[in-house]
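A.B. asks: Here it is, the structure, as structure tokens.
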């Protein structure tokens, strides 16, 4: 089964293991084997996860990405207008290794719209005078264009529960499975 | 000469070309050949830079990183407590390719301290209830530990001019040159 790494700040939610299990089941239902940052590596004892050494965690997550065929990344704006930097690091890492990367977010406004909403921003610059990138993309161009160049895509939708919602994740998994596994999203008889 | 790619939101400053030139001269003084995101690729005409196609820019920056021996990344908190996501993407990309990565910032407070200063944060979680990673690191563990695993390091200091300052950049270039080129930071006669 194709392995897909689940990148995102979901690990910071109050019940991260429960969340990972919900996400894993959604992936499984679409024929994909999910790898969570909270999973041990193959051959690693599960109890090593109790050891919170940041260097071990970082190396484990990089190894998870190398072991995966694709990455599904939660790009929901995190503590500001942009995505979680830890997640974005993993996107760049996966992209350099030729993995297919998919992004999703529970907020639909594009990058420029989100930055313009910050205190002190004008139409073209933020409060510090730094220019606002405005290509109509969901994220900084490195991220959105990197995802597309990898063969993936970004799916976004406004939802009432930014961190609890799994409906956009589910849509992204379904679309990623269609692309990766060649499953038709719409049965031919129903299309058109 | 070793080539070092300058990642950072400096490209959004009001005079980005002037800034890139200042940074290039600092690198040159330390024996390093700087590559700016604003440079054309080898063989590319300089006037292609006038074409603002985000897909072209993203592919060019990835090519610049592949052409470089190391990456120097501006991690100064950007529109929130974390680094610019575009910069972080480039760090992950460089790390996966085995490039040495260095980080610097004109703010010294660590990741947890910066997140706790946000409206609604407690000692352990942000306003949305997401846990605050607290390992005493400057950035999310993927970034800080990824930089260290690459062979590099992060240098930070509080400065009065977050985006104008180049003193921390200069210190980082000097230390990176010492590491990459084997130049002693302190002449033997002056040491000890």
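The values are calculated or read from the model by the stated rules, or taken from the named source; none is laboratory data. Note that the coordinates shown come from a computational prediction; the quantities given were computed from them, not determined experimentally. With ideal geometry, Cβ positions are generated from the backbone for all residues, glycine too; neighbour counts draw on all protein chains shown.
A.B. asks: So in segment A:133-155, with the set limited to residues that are over 24 Å from residue A:170 (Cβ atoms) and out of contact with any helix residue (DSSP H, G or I) (no Cβ under 6 Å at 6 or more places or on another chain), which one is farthest from the other protein chains (Cβ to nearest Cβ)?
C.D. replies: This residue is A:136.
A.B. asks: Under 21 Å from residue B:103 (Cβ atoms) and without any contact (Cβ under 8 Å) to a residue 24 or more places away in the chain: is that true of residue A:40 in this structure?
C.D. replies: So residue A:40 does not fit the description; no.
A.B. asks: Within the bounds of segment B:13-35, is there any residue that is surrounded by 23 or more Cβ atoms within 10 Å (Cβ to Cβ), touching a helix residue (DSSP H, G or I) at 6+ places or on another chain (Cβ under 7 Å) and closer than 30 Å to residue A:8 by Cβ?
C.D. replies: Within segment B:13-35 (the criterion being surrounded by 23 or more Cβ atoms within 10 Å (Cβ to Cβ), touching a helix residue (DSSP H, G or I) at 6+ places or on another chain (Cβ under 7 Å) and closer than 30 Å to residue A:8 by Cβ), the answer is no, since none of the residues qualifies.
A.B. asks: Residues of segment A:158-185 being touching a helix residue (DSSP H, G or I) at 6+ places or on another chain (Cβ under 9 Å) and modelled with pLDDT under 95, which ones?
C.D. replies: A:183, A:184, A:185 - these are the residues of segment A:158-185 that are touching a helix residue (DSSP H, G or I) at 6+ places or on another chain (Cβ under 9 Å) and modelled with pLDDT under 95.
A.B. asks: Just the residues that are within 14 Å of chain A (Cβ to nearest Cβ) and without any contact (Cβ under 8 Å) to a residue 12 or more places away in the chain, please, taken from segment B:50-72.
C.D. replies: B:51, B:52, B:53, B:54, B:55, B:56, B:58, B:59
A.B. asks: Same structure, new question: Among the candidates A:75, A:130, single out the residue that is surrounded by 15 or more Cβ atoms within 10 Å (Cβ to Cβ), over 24 Å from residue A:162 (Cβ atoms) and within 11 Å of another protein chain (Cβ to nearest Cβ).
C.D. replies: A:130
A.B. asks: Right, something else. Would you pick out the residues in segment B:97-121 that are more than 11 Å from chain A (Cβ to nearest Cβ) and touching a helix residue (DSSP H, G or I) at 6+ places or on another chain (Cβ under 8 Å)?
C.D. replies: If the condition is that a residue be more than 11 Å from chain A (Cβ to nearest Cβ) and touching a helix residue (DSSP H, G or I) at 6+ places or on another chain (Cβ under 8 Å), then B:100, B:102, B:103, B:104, B:105, B:106, B:107 are the ones that fit.
A.B. asks: Just wondering, is there one or more residues in segment B:78-88 that are buried (at least 19 other Cβ atoms within 10 Å of the Cβ) and out of contact with any helix residue (DSSP H, G or I) (no Cβ under 9 Å at 6 or more places or on another chain)?
C.D. replies: Scanning segment B:78-88, I find no residue that is buried (at least 19 other Cβ atoms within 10 Å of the Cβ) and out of contact with any helix residue (DSSP H, G or I) (no Cβ under 9 Å at 6 or more places or on another chain), so the answer is no.
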